[in-house]
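Single-structure report; data block below.
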Amino acid sequence: GTPPDLGISLEVHSFDCMVMPNEVIEIGRAITGRIEEMLVERGDYVEAGQVVARLDSTVEEAAVRVARARASRKGELASSRVSMELGEKRRQRALTLFERESLSLDTREEVETEATLAALELEQARENRRIASLQLEEAVAFLERHNIRSPISGFVTERLMAAGEVVEEETMLRIAQVDPLRVEV
């Protein structure tokens with residue numbers, strides 16, 4: 001048998017359809033450097049934020065080590081703390097001796113000034129430690145600039161450079177974002 005007539009007619013038309021990536025981006029670098037390693041190949045899928053290449057970072061790695069050593073130094077702070085404690089004890093003894101009239105005003109003021117200077121040196125040591133921490137953060141940020149990350153998820157469509165080449169502002173990779181796809185009919 002023939003199917004029953006449901007009153008529906010179907011016409012087929014031909015049309016042109018083009019499927020394209022939503023976005024194609026070119027990845028390059030704002031800083032000049034030698035490519036140490038390319039971590040992706042043409043056709044690889046990359047996630048947004050994934051490191052796709054690394055520039056030589058020998059100098060920046062050394063700067064991070066130096067900054068980390070400075071930030072972890074404790075000697076200056078400990079020394080200043082001990083000096084301040086000693087200055088405070090001397091101040092208390094001088095005040096007691098001055099009240100008993102066993103110490104001149106001039107000597108008492110000198111001891112108080114030394115105690116105040118020791119307290120200021122401790123504060124300066126704390127500030128130096130905070131600055132060293134900030135310098136470490138800065139050195140790590142400079143080092144991170146040598147990791148080239150994909151800003152989007154997608155497929156590598158072209159790899160234009162290889163390890164060992166020097167990149168200035170050239171395009172290194174092209175990545176096509178395929179989620180979502182763009183369809184033109």
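The values are calculated or read from the model by the stated rules, or taken from the named source; none is laboratory data. Treat the numbers as computed from the prediction; the structure is a model and nothing was measured. As a convention, Cβ positions derive from the backbone with ideal geometry for all residues, glycine included, and neighbour counts pool all protein chains shown. Side chains are part of the model used for accessible areas, which takes the heavy atoms of the whole protein and leaves out ligands, DNA and RNA. Shrake-Rupley method; radii C 1.70, N 1.55, O 1.52, S 1.80 Å.
Going residue by residue through segment 102-123, is there one that turns out to be within 30 Å of Thr32 (Cβ to Cβ) and open to solvent by 60 Å² or more (accessible area, probe 1.4 Å)? No, the conditions are met nowhere in segment 102-123. Mind telling me which of the residues Leu143, Leu173, Leu160 ends up being touching a helix residue (DSSP H, G or I) at 6+ places or on another chain (Cβ under 8 Å), among the aliphatic types (A, V, I, L, M) and within 20 Å of Leu55 (Cβ to Cβ)? None of the other options fit; the residue is Leu143.
Counting just the residues of segment 45-68 that are over 18 Å from the mean Cα position of the chain (by Cα) and surrounded by fewer than 16 Cβ atoms within 10 Å (Cβ to Cβ), which one comes out farthest from Phe155 (Cα to Cα)? The extreme case among them is Glu47.
Looking at segment 136-180, which of the residues that are closer than 13 Å to Asp44 by Cα and hydroxyl-bearing (Ser, Thr, Tyr) is most open to solvent (accessible area, probe 1.4 Å)? Result: Thr157.
Mind checking which residues of segment 77-110 are under 30 Å from Ile131 (Cα atoms) and either in contact with a Cys (Cβ under 8 Å, 6 or more places away or on another chain) or not small (Gly, Ala, Ser) (or both)? Within segment 77-110, Leu77, Arg81, Val82, Met84, Glu85, Leu86, Glu88, Lys89 meet the criteria.
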